[in-house]
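**Student:** Handing you this structure, nothing more for now.
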Amino acid sequence: MTIRAKLYAALAITVAGLLVTAGVGIWGMSRLGDRFDEVQQASEAQALALELKFDVTDFNGWQTAYGYDNGQSRPIFLRSVERFRTNLARAKHELTRPQEQRALGEIETAFNDFMKLDNQAFAALQAGRAAEVKRLFLGPELTNFERAATAAQRLAAYEAARVTAQDTAFKDAREDALRLLIAVSAIAALLVVILLITANDLAKAAESALERRPPGN
């Protein structure tokens, strides 16, 4: 093999090593980006689940309030109900995993039962049957609230577990990418050293060849 061929071969190997290093770096960043997106999505799902959990407690509290203040707090109750419906519709659209859909279905069923009894309770309140209102609120309506709250808590716990799992996966991916990048960089550095040694040897060989050449040639 000629000196030029050896030099070209060393250069080609070194360039290939550098390209592999760059490729690994790009792959690692892409993977980390995907993992980060998954962490962000899980966090948003958890936030939505916590909103639903709060909404369930909130409209139940305002229902109790209007039952004891002769209906004065009912407009606030209705606004709370509307906020819950908005968040529930959003959750049904965004949270599509089977576990999520089951929990949302249970929340919705309990809520529908809750509102049916609320209509009865409000009618009784308007008719002056305070005892009937308290019986509904402290009996079957409380059961409906507990059903909705239990399902909302289960959904929130599921989303919290997802956040933990995705965060762990992101950290593992970051460590794996860093280890791989260090390993490939070390190999690339070794190739550069080999290139320098090869170039130096080839230069010496060229000088020796020139020195051995007869004068006048």
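None of the figures in this text is laboratory data; all of them are computed from the coordinates on show. As the structure is a prediction and not an experimental result, all values here were calculated from the model.
**Student:** Contour minus end-to-end for R85 and A131, with contour as 0.36 nm per residue of separation and end-to-end as the Cα-Cα distance?
**Tutor:** 13.7 nm
**Student:** Continuing with the same structure: Taking θ as phi - 60°, what are the ³J(HN,Hα) couplings along segment 148-161 by the Karplus curve (6.51, -1.76, 1.60), each to the nearest whole Hz, with x for Gly and Pro?
**Tutor:** Rounded to whole hertz, the list is 5, 5, 5, 5, 5, 5, 5, 5, 4, 5, 5, 5, 5, 5.
**Student:** Please give the length that would be gained between Q72 and E175 if that part of the chain were fully extended, namely 0.36 nm times their separation in residues minus their C-alpha to C-alpha distance (nm, one decimal).
**Tutor:** Extending this stretch completely gives an extra 31.3 nm.
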